[in-house]
Amino acid sequence: MPKISAVLIHDGGTNYCAGITATPAMVKLFEEIFSPIVNLDPEMPFKVREVKGLSGGGSDHASFLQADVPGFFWSQRGRANYNHTHHTQFDTYDAAIPEYQKNSSIVIAVGRSASRTCPRSSRARTCALRTAAGEDGGSGSISPTT
């Protein structure tokens, strides 16, 4: 996957994108990238949250982490009932919350634009990442370079 800079997964229902995780080495870069949307709507705040390393768990971005491609899952908040609606027979257009979708589309567009400006060849240096796959039993997580 040499041409993929990053993967941004939106699969948490119809709530708005409230944040994204970043390793300690990535926090400053992500805060700069997402600064235009932190206060986009006071009712839908956005935050970059620091984590020790990226992990996939059972999410769609796990396979990208295993291939040494940074994968991110948007933190989402709001009034939508994820457990009742998302990926169920109740998952219909009327369950979408228009103002959340509008806000999330802007947040995701900012993230996508930023990921395109960080080519894979410089991504590891810029974001100071290394793969932990193989070192930790193949969990597929990505941790900051020490």
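Of the residues that sit in segment 76-105 and are in contact (Cβ under 8 Å) with a residue 60 or more places away in the chain and among the hydroxyl-bearing types (S, T, Y), which one is farthest from G58 (Cα to Cα)? The residue in question is Y100. Filter segment 34-60 down to the residues that are over 19 Å from G78 (Cβ atoms) and among the basic types (K, R) and list them by number. Correct list: K52 only. The number of residues in segment 19-48 that are out of contact with any helix residue (DSSP H, G or I) (no Cβ under 9 Å at 6 or more places or on another chain) and closer than 27 Å to I97 by Cα comes to 5.
So that you can scan it fast, the table gives a plain yes or no per residue for (1) at pLDDT 85 or above; (2) of a type in the set (A, V, I, L, M); (3) over 12 Å from the mean Cα position of the chain (by Cα):
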site	(1), (2), (3)
M1	no, yes, yes
D11	no, no, no
Y16	yes, no, yes
F30	yes, no, no
S35	yes, no, yes
V38	yes, yes, yes
D41	yes, no, yes
K47	yes, no, no
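Given the conditions (1) assigned to a helix (DSSP H, G or I); (2) buried (at least 16 other Cβ atoms within 10 Å of the Cβ); (3) among the aliphatic types (A, V, I, L, M); (4) at pLDDT 80 or above, report the number of the one that A114 does not fulfil. Only one criterion is unmet by A114, namely (4). The set of residues from segment 13-30 being more than 30 Å from D94 (Cβ to Cβ) and either in contact with a Cys (Cβ under 8 Å, 6 or more places away or on another chain) or surrounded by 14 or more Cβ atoms within 10 Å (Cβ to Cβ) (or both) comprises T21, A22, T23, P24, A25, M26, V27, L29, F30.
Scanning segment 65-111 for residues being exposed (fewer than 12 other Cβ atoms within 10 Å of the Cβ), part of a loop (DSSP other than H, G, I, E, B) and not β-branched (V, I, T) gives a total of 4.
In segment 48-64, what residues are in contact (Cβ under 8 Å) with a residue 60 or more places away in the chain and either of a type in the set (A, V, I, L, M) or crowded, with 16+ Cβ neighbours inside 10 Å (or both)? Working first, answer last.
Keep residues of segment 48-64 that are in contact (Cβ under 8 Å) with a residue 60 or more places away in the chain, which gives 52-56, 62-64.
The answer is G53, L54, S55, G56, A62, F64.
The values are calculated or read from the model by the stated rules, or taken from the named source; none is laboratory data. Here the structure is a predicted model, which is why all the values come from computation and not from measurement. Here Cβ is always computed from backbone atoms with ideal geometry, including for glycine, and neighbour counts include all displayed protein chains.
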